[in-house]
Each structure stands twice: as structure tokens, then as C-alpha cells.
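The values are calculated or read from the model by the stated rules, or taken from the named source; none is laboratory data. Treat the numbers as computed from the prediction; the structure is a model and nothing was measured. Glycine gets a Cβ as well: all are built from the backbone with ideal geometry, and neighbour counts include every protein chain shown.
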Amino acid sequence: MLKIPRAIVEEMVAHAREAMPNEACGMVHAQGGVPFEVHRVKNIAGDEKSGSPFRYEMDPMQQLRLEAQRDETGETLFAIYHSHVGSEARPSPTDERQAFFPPGEFDRDPAYPNTFYILVSLASEPPEVRAWRVLKRTSPDETRPVVIEEPIERARWWPQWPWRCWMRRWTGRLRHR
Amino acid sequence: MAVQVHVTSVIRNAVGGQRKVSADGGSVREVLADIEAKYPGFKAQVMDEQGQLHRFVNIYLNDEDIRYLQGADTILSDGDEMSILPALAGG
């Protein structure tokens with residue numbers, strides 16, 4: 001069971017709804033392995049770079065800033081999330097390909113080996129939220145990588161919330177002022 | 001000309017896990033060649049055999065996508081900062 005604070009699940013769903021009709025995307029940061037913050041990232045897929053109902057591509061500048069933040073604070077990339085507006089909450093063939101670098105190189109370790117892929121599907125009401133791991137294929141005969149679901153447990157907000165992380169961040173911010 | 005190159009996520013594996021490398025060169029292409037000289041195999045992660053940037057890789061020069069500048073032929077100035085990152089995308 002993957003424990004995720006309910007507030008985090010709700011924030012991803014809220015983002016998915018607001019991004020309609022396009023796909024929403026973003027990152028969930030963790031500290032000490034506990035997911036504690038959702039970062040919405042602009043979807044720049046599509047000809048106008050303003051998003052697409054069928055694809056997502058994260059704004060590279062935001063991607064850079066979030067990576068710098070992780071390097072600085074010791075936070076980790078707990079999950080990469082995105083929404084599917086009309087299909088179920090499991091990685092599409094495109095998602096599977098893009099989980100590898102270069103895309104589709106299923107014999108290598110995935111680009112983010114310790115990160116979950118969270119899918120929010122708006123095809124049903126209430127929206128479905130499911131988490132997945134994408135791993136390299138087990139034999140060259142396979143045409144797809146290994147995709148494993150990690151059932152989500154929506155943890156109550158209060159006890160699991162890493163207050164210490166927040167405190168550390170706030171005191172850090174005060175120091176930088 | 002010396003520039004700082006930020007290397008992110010999975011591409012760090014090609015430069016021995018470092019977050020930042022220093023490299024010399026007057027253009028993006030020359031800087032990439034300089035990194036390749038220090039870390040063989042690096043360039044293939046970023047460019048194809050014809051010297052075109054892979055679609056799934058982004059290079060930023062001081063917050064600007066080099067695709068909107070002169071691509072790999074973009075001229076660099078001293079103290080410029082380059083960032084190389086894999087596209088994070090899906091469907």
C-alpha cells in the first residue's frame with residue numbers, strides 16, 4: 001500500500017479538473033520518503049505549447065527549478081503525475097515509452113527508477129487516482145516494459161503530514177531572507 | 001570560453017553523476033564536444049549522428065530554449081549557464 005495524504009490526492013484531482021479539456025501534469029515531492037507537496041507544472045504539449053487533451057510535456061524551466069529545489073533541500077521526486085481526460089488511470093503506451101531514456105529503450109532502467117507514476121482519470125466520477133511503477137522489460141522478446149500497480153491508501157491528513165519538513169522549510173526560508 | 005553546464009536527472013549518469021560540469025567552447029556544439037572528450041558516450045545521449053539535438057532532450061541557455069536561438073550553433077559568452085534536461089512527457 002502506498003500511503004499518500006488525502007490532501008495531496010485531492011490537489012492532483014483539483015489540478016486535473018482545472019486543466020480540462022487538456023491533460024494536467026506535475027510532480028509530488030517527498031521528504032524522508034513521505035509525500036508532502038504537489039507542484040503543478042505547465043503542460044506545454046501541442047502546437048501552441050498551451051497543452052493538449054492527448055499529451056503532456058512538462059515546461060522545462062519549471063522542471064529545472066524543481067530539480068534545483070530537490071538538490072538544495074534533499075527532497076525527492078516521489079511521483080510524476082498527469083491526468084487522462086477520457087481514458088482509464090493506467091499508463092498509456094506513450095507513457096510507457098516516455099518513462100525510459102531514450103524513449104522506448106525498455107532494456108534500460110527507467111529514467112526515474114524510484115519514482116511512481118500517478119494517473120488521474122476524469123473518465124469516471126469521482127475521478128480515479130492510481131499509482132504505478134514502470135520497470136525495464138524482463139526479456140528482449142517482450143514488447144512492453146513491466147508495469148506494476150501500487151494500490152494507494154489515502155492517508156488521513158493529520159497524522160501523516162510531515163510537519164517537521166514544513167518547519168525545516170520555513171526556518172530555511174527565514175534564514176535566506 | 002568556459003561555461004557551466006547543469007546536467008539533470010538521468011543525463012547525469014553520462015557525466016559520472018555530476019550535477020554541474022565546466023566545459024570550454026564558443027558554441028553549444030563545441031561545449032558538447034568538450035564534454036564528450038571528458039565523458040565519452042555523453043554526446044549520443046543528447047544528439048543524433050547528424051548532430052541534431054534529440055527531440056526528447058532540451059538544452060537551455062540562460063533560461064532560453066536553444067531551439068529558439070540558433071540551436072547547436074548558438075554562440076556562447078563567458079559566464080553563460082547551460083542546462084541539459086530530458087523532456088518529461090507522455091500521453
Test: residue in the range A:38-48 that is assigned to a strand (DSSP E or B), at the interface with chain B (Cβ under 9 Å from one of its Cβ atoms) and at pLDDT 95 or above: yes
Tally, over the range A:107-131, of residues that are of a type in the set (A, V, I, L, M, F, W, C) and either within 10 Å of chain B (Cβ to nearest Cβ) or out of contact with any strand residue (DSSP E or B) (no Cβ under 9 Å at 6 or more places or on another chain) (or both): 2
Residues of the range A:98-115 satisfying the condition of being farther than 18 Å from residue B:85 by Cβ and crowded, with 22+ Cβ neighbours inside 10 Å: none
Lone qualifier among B:44, B:14, B:72, B:2 - being out of contact with any Leu (no Cβ under 7 Å at 6 or more places or on another chain) and crowded, with 18+ Cβ neighbours inside 10 Å: B:14
Residues being within 19 Å of the chain's Cα centre (by Cα), farther than 27 Å from residue A:21 by Cα and more than 14 Å from chain B (Cβ to nearest Cβ) - total across the range A:132-149: 3
So residue B:45, is it assigned to a loop (DSSP other than H, G, I, E, B), touching a helix residue (DSSP H, G or I) at 6+ places or on another chain (Cβ under 9 Å) and either closer than 22 Å to residue A:56 by Cα or within 12 Å of chain A (Cβ to nearest Cβ) (or both): no
From A:57, A:67, residue being closer than 24 Å to residue B:66 by Cβ, of a type in the set (Asp, Glu), within 9 Å of another protein chain (Cβ to nearest Cβ) and out of contact with any strand residue (DSSP E or B) (no Cβ under 6 Å at 6 or more places or on another chain): A:67
Count of residues meeting criterion [at the interface with another protein chain (Cβ under 10 Å from one of its Cβ atoms) and either out of contact with any Asp or Glu (no Cβ under 7 Å at 6 or more places or on another chain) or small (Gly, Ala, Ser) (or both)] in the range B:49-83: 9
Wholly within the range A:75-177, helices (runs of 4 or more DSSP H) carrying at least 3 residues that are at pLDDT 95 or above: A:93-98
Every pair of residues 6+ apart whose Cβ atoms lie under 9 Å, when the first sits in the range A:70-88 and is within 20 Å of residue A:132 (Cα to Cα) while the second is among the basic types (Lys, Arg) and part of a strand (DSSP E or B): A:88/A:130
Candidates A:120, A:134, filtered to the one that is surrounded by 19 or more Cβ atoms within 10 Å (Cβ to Cβ), hydrophobic (A, V, I, L, M, F, W, C) and within 16 Å of residue B:88 (Cβ to Cβ): A:134
